[in-house]
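A short reminder: the numbers here are calculations on the coordinates, not readings from a lab. All values reported here derive from a predicted model rather than from experimental measurement. Backbone-built Cβ (ideal geometry, glycine too); neighbour counts: all protein chains shown.
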Amino acid sequence: MSKERARRRAEREAERARAIRANEERQARLARRRAFRSSIVRLTPRPVRFNRQGGLLARRQRAQNALVALGFLLVQAVVWLLWGSFFASFAVLVLSVLLVPVVVTLAFDRRI
């Protein structure tokens, strides 16, 4: 009977030792991963936060800018879908880039 208990105790201790070894390997792997990640994070620049103005004029200007961008993209999409020609699309792109400041100045009474 005592040989059987000794054998079971030895099995439990061996299993406990395997579990401890597996846990140590897992912890070592996790530590290496954290060290690698922190070294990469140290190399990358931190993002710069911009504090946006929250007044009425700033909100209006953001809305106007969004409207201008949406109009620009809409014109490009319509030209691309209707004509499909590369040269026509390129010509409209160049004209749009040249005329957007004029339209913004006339429509919103501000200078870019």
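Structure notes:
- Among 37-45, 65-73, 6-14, the order from most to least packed when residues are scored by Cβ within 10 Å on average: 65-73, 6-14, 37-45
- Helix 2-43 vs. the chain, principal-axis angle (Cα, 0 to 90°, nearest 10): 20
- Label-point separation, residue 80 to residue 102 (7 Å along Cα→Cβ), nm: 2.4
- Spin-label pair residue 18-residue 42: with each label point 7 Å from Cα along the Cα-Cβ axis, the two points sit 3.9 nm from one another.
- log₁₀ of I(q)/I(0) at q = 0.16 Å⁻¹ - the chain, Debye sum with one point per alpha carbon: -0.91
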